[in-house]
Amino acid sequence: METTTSLTGPMDLTEHLNAVRDAALRQIEDAADSDALAAVEAAVVGRDSEVAAARRGLGQMPAEERRDAGRLINEVAQEIQAALEARSEVLAAAAQSARIQAEAIDVTLDYQAVPVGNLHLIQQVIDEVSDIFVGLGYHVAEGPEAELAWYNFDALNTPADHPSRLGMDTMYVDYGNPEDEMNLRSHTSPIQARYMEQHEPPVYIVAPGRAYRNDTIDASHLPVFHQIEGLAVDTNITFSDLKGTLAEFARQFFGPETKVRMRPHFFPFTEPSAELDVSCFNCDGPGSTCRVCKGVGWLEMLGCGMVDPNVLTAVGYDPDELTGFAFGMGVERLAMVRHGIDSIRHFIDNDVRFLEQFRG
Ligand code: DAH
């Protein structure tokens, strides 16, 4: 009896082919990558495979068995082939996703966010006030922060014995010789004199900038602060031009309902001089419990007046021909009043939680 081949009958052949198929499928499943799968393929369907051997065995079979045996072999061969293809797809997909992972660029990783800043509130107010006056036909002028005492005081009709000239109020760069005394400007008013010296009338300017005083820091004082100076010099300028101009400014800056009033005051460089109050934009007037005006109904805003003839003379203008008005306002004060800021120190603390509240 023939024992070396299992192809002796349909049952043996079926068992043998099932075993061949199961072994092949296991090998296919175990192939970890496409190289391994190629080797498995050669072993399970290649020339030296059991399937090929079974096909070769068909030739020795009796013709009546050959058809069924051939069909069985083909079925198993197709199953193995299908398993090879399925595994090949799985391995290809795995290889591809491994490559995608390896080559991936993580665009969310580690980029440096750039915080968007904004202009300091003081600069915003300077820009806004300047824009209002530019809209009224004014030019913007500037001057030096280290200033000759002559421009800071003398040209502005401030006598040598005026208390503001003392070292305890004004910070000097050069002190003692009246010829070339120099100080950090105590206000922006010297820009008036410098500008008139260099320009023919008419003059319509605003001049923003830093000013310096020998003050100790508290809730309403800084030794370095900002002012905006205004000057209009022309023929026939009157006090009502001054009031009308400042009223228009107040309406644009604080709101269209804003009223202004003037109280007599004194400044060396203006005659007459006044302080300008604006009606409180936060309440209905005197007697309220308003936190902005403390119930007064009015807010002190700035100093102003008609340019003293001595100032015009000092810069070579003819006071018989020209008149003018001037005004000076504190930028920090404008900002504090409008935004309800309780301490001037916030402007120099550089706390972004404060600064970023004013994004303009
Ligand atoms: N320079 C004054 C100060 O610092 C403010 C001022 C008042 C300016 C009246 C002016 C003015 O031009 O006319 O207190």
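The values are calculated or read from the model by the stated rules, or taken from the named source; none is laboratory data. Treat the numbers as computed from the prediction; the structure is a model and nothing was measured. Note that we place each Cβ from the backbone using ideal geometry, even for glycine, and neighbour counts take in every protein chain shown. Protein only, heavy atoms only, side chains kept; ligands, DNA and RNA dropped before computing areas. Shrake-Rupley method; radii C 1.70, N 1.55, O 1.52, S 1.80 Å.
Given R₀ = 45 Å, FRET efficiency for R71-R99 by Cβ-Cβ distance, to 0.05?
E(calc), rounded to 0.05, equals 0.60.
Apply 1/(1 + (r/R0)^6) to the Cβ-Cβ distance of A38 and Y111, taking R0 = 35 Å, and write down the FRET efficiency to the nearest 0.05.
Details: r = 43 Å, r/R0 = 1.24.
For R0 = 35 Å, the calculated efficiency reads 0.20.
Tell me, in nm to one decimal, what length is gained between D131 and S164 on full extension, where the rule is 0.36 nm per residue of separation less the Cα-Cα distance? Display every interim value, and only then the final one.
Values: separation 33, 0.36 × 33 = 11.88 nm, distance 3.12 nm.
In short, 8.8 nm is gained.
Need the full-extension length gain, T238 to E300, defined as separation in residues times 0.36 nm minus the C-alpha distance. One decimal, nm. Don't skip to the answer; put the middle values down first.
Values: separation 62, 0.36 × 62 = 22.32 nm, distance 2.22 nm.
Gain on stretching T238 to E300: 20.1 nm.
Let's test this: bin the Cα-Cα distances of region 10-103 at 10 Å from zero up to the farthest pair and state each bin's percent.
Reading the bins upward from 0: 16, 42, 24, 12, 5, 1.
Does anyone have the angle between helix 63-103 and the longest principal axis of the chain? Alpha-carbon axes, 0 to 90°, nearest 10?
The helix 63-103 is inclined about 20 degrees to the chain.
Whose amide H sits under 5 Å from the amide H of W298, counting only residues 5 or more places off or on another chain, with H placed in the peptide plane?
The list, which skips near neighbours in sequence, is C280.
Once every DSSP H run of n ≥ 4 in the chain is given -39500 (n - 2.57) and the sum is divided by its residues, what mean residue ellipticity at 222 nm do you get, rounded to the nearest 500 deg cm²/dmol?
Roughly -13000 deg cm²/dmol at 222 nm, from the helical runs in the chain.
Net charge near R251: determine it from the other residues with C-beta under 13 Å of the C-beta of R251, scoring Lys and Arg +1 and Asp and Glu -1. Working shown, then result.
Working: positive: K243, K259; negative: E248, E257.
Neighbour charge sum, excluding R251 itself: 0.
Sequence gap at least 6, Cα distance under 8 Å: using those rules, report the relative contact order of region 10-103 to the nearest whole percent. Can you show the working numbers first?
Values: 62 pairs, mean separation 34.6, N = 94.
RCO, region 10-103: 37 percent.
Kindly sort T289, T323, T235 by accessible area of their heavy atoms, largest first, with the probe set to 1.4 Å.
Values: T289 140, T323 55, T235 75 Å².
Most to least solvent-accessible, the answer reads T289, T235, T323.
Taking the Cα centre of each part, how many Å lie between region 226-266 and region 304-360?
Using only Cα atoms to place each centre, the spacing works out to 12 Å.
Using DSSP to call loops (not H, G, I, E or B), can you name the GluC sites (Glu not before Pro) in region 254-336 whose Cβ has at most 12 other Cβ atoms within 10 angstrom? Could you put the intermediate results ahead of the total?
On the way: sites: E257, E275, E300, E321, E332; in loops: E257, E321.
In loop regions of region 254-336 (DSSP not H, G, I, E or B), the sparsely surrounded GluC sites (Glu not before Pro) are E257, E321.
What FRET efficiency comes out for the pair N282/D318, r = Cβ-Cβ distance, R0 = 51 Å, nearest 0.05?
That pair, N282 with D318, gives E of 0.65.
Can you tell me the length gained on complete extension of the stretch H339 to R261, counting 0.36 nm per residue apart and subtracting the Cα distance? Intermediate values should be presented prior to the final figure.
Working: separation 78, 0.36 × 78 = 28.08 nm, distance 2.13 nm.
Additional length available on full extension: 25.9 nm.
Given H placed on each backbone N at 1.01 Å, which residues far from A141 in sequence or on other chains put an amide H within less than 5 Å of it?
Sorted by chain and number, the residues that satisfy this are V206, A207.
Just the number, please: percent antiparallel of the DSSP beta bridges in the chain, rounded to the nearest 5. Walk me through the numbers on the way to the answer.
Numbers: 44 of 46 bridges.
Roughly 95 percent of the beta bridges in the chain run antiparallel, per DSSP.
Using each residue's phi in region 162-168, evaluate 6.51 cos²θ - 1.76 cosθ + 1.60 at θ = phi - 60° and report the 3J(HN,Hα) Karplus result to the nearest Hz, with x for Gly and Pro.
With coefficients 6.51, -1.76 and 1.60, one gets 5, x, 5, 7, 5, x, 6 Hz.
Pairing the Cα long axis of helix 239-254 with the longest principal axis of the chain, what angle in degrees results, from 0 to 90 and rounded to the nearest 10?
Helix 239-254 and the main axis of the chain meet at about 20 degrees.
Excluding G209 itself, calculate the net charge of residues whose Cβ lies under 12 Å from the Cβ of G209, where each Lys or Arg counts +1 and each Asp or Glu counts -1.
Details: positive: R185, R194, R210; negative: E142, E145, E147, E229.
Here the count lands on -1.
Each residue of region 147-160 in turn: what ³J(HN,Hα) in whole Hz from Karplus with 6.51, -1.76, 1.60 and θ = phi - 60°, glycine and Pro shown as x?
10, 5, 4, 4, 6, 5, 10, 4, 5, 9, 6, 9, x, 4
When only Cα pairs under 8 Å and 6 or more residues apart are kept, what is the percent relative contact order across the chain? Each step should come with its number before you reach the end.
On the way: 553 pairs, mean separation 50.5, N = 360.
Once normalised by length, the contact order is 14 percent.
Kirkwood hydrodynamic radius, the chain, all distinct C-alpha pairs: what's the number in Å? Intermediate values should be presented prior to the final figure.
Numbers: mean 1/r = 0.0358 Å⁻¹.
Evaluated over the chain, this radius sits at 28.0 Å.
So which trypsin sites (Lys or Arg not before Pro) in region 164-205 pass both tests, a DSSP loop state and at most 15 other Cβ atoms within 10 Å of the Cβ?
Numbers: sites: R165, R185, R194; in loops: R185.
The qualifying sites: there are none.
Per residue of region 201-215, what does 6.51 cos²θ - 1.76 cosθ + 1.60 with θ = phi - 60° give for ³J(HN,Hα)? Whole Hz please, x for Gly and Pro, Karplus curve as stated.
Coupling constants for region 201-215: x, x, 10, 9, 9, 10, 9, x, x, 7, 9, 10, 9, 7, 10 Hz.
Can you list the residues, at least 5 places off or on another chain, whose amide H is less than 5 Å from the amide H of E147, using H built in the peptide plane?
For E147, whose amide H was placed from the backbone, the distant partners under 5 Å are N183, L184, R185.
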